[in-house]
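One structure below.
The values are calculated or read from the model by the stated rules, or taken from the named source; none is laboratory data. Bear in mind that the values here come from a model prediction, so they are computed numbers and not experimental data. Cβ placement follows ideal geometry from the backbone for every residue including glycine, while neighbour counts extend to all protein chains displayed. Protein only, heavy atoms only, side chains kept; ligands, DNA and RNA dropped before computing areas. Shrake-Rupley method; radii C 1.70, N 1.55, O 1.52, S 1.80 Å.
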Amino acid sequence: MPSRRVAVIGAGPAGLVAARELLREGHSPVVFERAAGVGGTWLYDGEASAEPLGAGGVHGSLYASLRTNLPRECMGFLDFPFVADEDSVDPRRFPGHQEVLRYLQAFARWFDLHGLIRLETEVVSVRRSGDASWNVSYCRRKLAGADAGGELQEEEEQSEVFDAVVVCNGHFAEPRVAENAGIDGWPGKQLHSHSYRVPDQFHGQVVAIIGYNPSGMDISRDIAGVAKEVHVAIRAAPAGMQSTTAHANLWLHPMIDRAEEDGSVVFQDGGRVKADAIVHCTGYKYSFPFLEDDEEAGVVAVDDNRVGPLYKHVFPPRLAPRVSFIGLPFKAIPFLVFQLQSSWVAGVLSGRIELPSPKEMMQDVAAFYTDMEACGRPKRFTHDLGASMFEYKDWLVERCGLERIEEWRKAIYVAARGRVRDRPESYRDEWDDDAQLLEQAHRDLATYL
């Protein structure tokens, strides 16, 4: 089987497991990471963006209080369990972000990945080089010490040629901001969750929050602890939704209709509040600036958060298998999906696994888009696996020739997602999973320890 020299962009969970799977398949990965450590989005950065609604050069999006919204049994890679041990900084079943970072650092050490990773090195462009290789240009950027003024030092741009490129740069760095009528004349403060760390700045204020996915749920409750009032606007507010919550100063509303110059925020049901601040918990945009300058790489476009065309969320038909994307899907068990996608990519690059022809892959993509349109699903939900997550997982398992994954993973995941919906205040600390199911999970996980 041929061994490929592969550039992996990003050393978050997707990049780390991609490097490990490429190594297992006999390839030679080089991992580029612009931050000073591994972990990707799980590497906490206490510095908020200088641009409240933009990325502002800050990669991290974690807030200080963030805990996982999946239990440990589901969080880890298949053969490297995420279990509490003597080195744990947070042994809870739904731990804080520090514990996830510790786990990823341990994964990189255990599989001896650090020697493959170039930290503080940002990929600036990926270009076709000949018929079957890619030129990757990168620049080392390092924060100088206090004696040198603490400024960012940038070395000269360098380039290397690779047989393939695996894009694992995550999708929690480029904020997506809600568009509200009248917002330009609204006098209050605006912030995206990307720039949120702690609630102190909202003490005694009236705060409107847009979005009620996991970050909106968490941040609204975080801020409710110090604010006078918190009002959450929900895109798909269910009929008959209860506006009250377990917090006496936190209310749920339909989406914002408009903002007014007197500071009012008006909701779609006619309700209004005078708010001091609006926090956009509205998600992120997929962004691949290093691909934009090359005509060949540019065949992959982002349109309303649809990255495409991509066969099964991974391979651009025209560039496969030499360019691939790991980690685009959401509403999934992320580390599991990253590992299966990485195993697929590694096997395809070695020739062990065969892809359909570019024409067949394009037909598959077109049929997928047609089905989405027929169901009335907007493009921004292209990579939302949702109910199809386990079908996708099984498809990857079959393609990779792996053993069937334990059924308890699905049962525990489905139960956890139901508790998030039904008990948003307490699901992390109160659960009622089947005891035999948990015992089976822990027994299976122990075989890898």
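When every residue of region 127-136 is checked against the conditions, at least one turns out to be free of Cβ contacts under 8 Å to residues at least 24 places away in the same chain, of a type outside the set (Ser, Thr, Tyr) and exposed (fewer than 15 other Cβ atoms within 10 Å of the Cβ). Within region 54-100, being aliphatic (A, V, I, L, M), in contact (Cβ under 8 Å) with a residue 24 or more places away in the chain and open to solvent by 30 Å² or more (accessible area, probe 1.4 Å) holds for Ala64, Val83.
Being modelled with pLDDT under 95, closer than 26 Å to Arg306 by Cα and within 23 Å of the chain's Cα centre (by Cα) is a property that holds for Arg417.
In region 428-449, which residues are touching a helix residue (DSSP H, G or I) at 6+ places or on another chain (Cβ under 9 Å), assigned to a loop (DSSP other than H, G, I, E, B) and open to solvent by 80 Å² or more (accessible area, probe 1.4 Å)? Full working, then the answer.
Of region 428-449, the ones touching a helix residue (DSSP H, G or I) at 6+ places or on another chain (Cβ under 9 Å) are 428, 430-434, 437-438, 440-442, 444-445.
Applying the additional criterion that residues be assigned to a loop (DSSP other than H, G, I, E, B) yields 428, 430-434.
If the condition is that a residue be touching a helix residue (DSSP H, G or I) at 6+ places or on another chain (Cβ under 9 Å), assigned to a loop (DSSP other than H, G, I, E, B) and open to solvent by 80 Å² or more (accessible area, probe 1.4 Å), then Glu430, Trp431, Asp432, Asp434 are the ones that fit.
Contact map, region 376-389: first residue on the phi < 0 side of the Ramachandran plot, second residue open to solvent by less than 40 Å² (accessible area, probe 1.4 Å) and part of a strand (DSSP E or B), Cβ cut-off under 8 Å, separation 6 or more or different chains; pairs are Lys379/Arg306; Arg380/Arg306; Thr382/Arg306; Thr382/Val307; Thr382/Gly308; His383/Arg306; His383/Val307. Kindly evaluate Glu425 against the criterion of being closer than 19 Å to Lys312 by Cα and open to solvent by 50 Å² or more (accessible area, probe 1.4 Å). No: the conditions fail for Glu425.
Do we find that Ala416 is within 16 Å of Arg72 (Cβ to Cβ) and open to solvent by less than 30 Å² (accessible area, probe 1.4 Å) in this structure? Judged against the criteria, Ala416 is a match.
The single condition among (1) within 23 Å of Gly54 (Cα to Cα); (2) without any contact (Cβ under 8 Å) to a residue 12 or more places away in the chain; (3) within 29 Å of the chain's Cα centre (by Cα) that Asp184 does not meet is (3).
Condition check: without any contact (Cβ under 8 Å) to a residue 60 or more places away in the chain and either in contact with a strand residue (DSSP E or B) (Cβ under 7 Å, 6 or more places away or on another chain) or closer than 24 Å to Glu354 by Cα (or both). Does Glu398 satisfy that? Here the answer is yes, as Glu398 does meet what is asked. Residues of region 264-286 that are in contact (Cβ under 8 Å) with a residue 40 or more places away in the chain and charged (D, E, K, R): Lys274, Asp276, Lys285.
Residue check: Lys393 meets all listed conditions (1) closer than 19 Å to Cys168 by Cβ; (2) part of a loop (DSSP other than H, G, I, E, B); (3) of a type in the set (D, E, K, R) but one, namely (2).
Among the listed residues Ala146, Ala178, identify the single one that is out of contact with any Cys (no Cβ under 9 Å at 6 or more places or on another chain), surrounded by fewer than 12 Cβ atoms within 10 Å (Cβ to Cβ) and modelled with pLDDT under 95.
On the way: Ala178 fails: surrounded by fewer than 12 Cβ atoms within 10 Å (Cβ to Cβ).
Of the residues listed, the single one that is out of contact with any Cys (no Cβ under 9 Å at 6 or more places or on another chain), surrounded by fewer than 12 Cβ atoms within 10 Å (Cβ to Cβ) and modelled with pLDDT under 95 is Ala146.
When you check Ala108 against the structure, is it open to solvent by less than 10 Å² (accessible area, probe 1.4 Å), among the aliphatic types (A, V, I, L, M) and farther than 26 Å from Ser195 by Cα, yes or no? Explain how you work it out, then say what you get.
Numbers: open to solvent by less than 10 Å² (accessible area, probe 1.4 Å): yes; among the aliphatic types (A, V, I, L, M): yes; farther than 26 Å from Ser195 by Cα: yes.
Yes.
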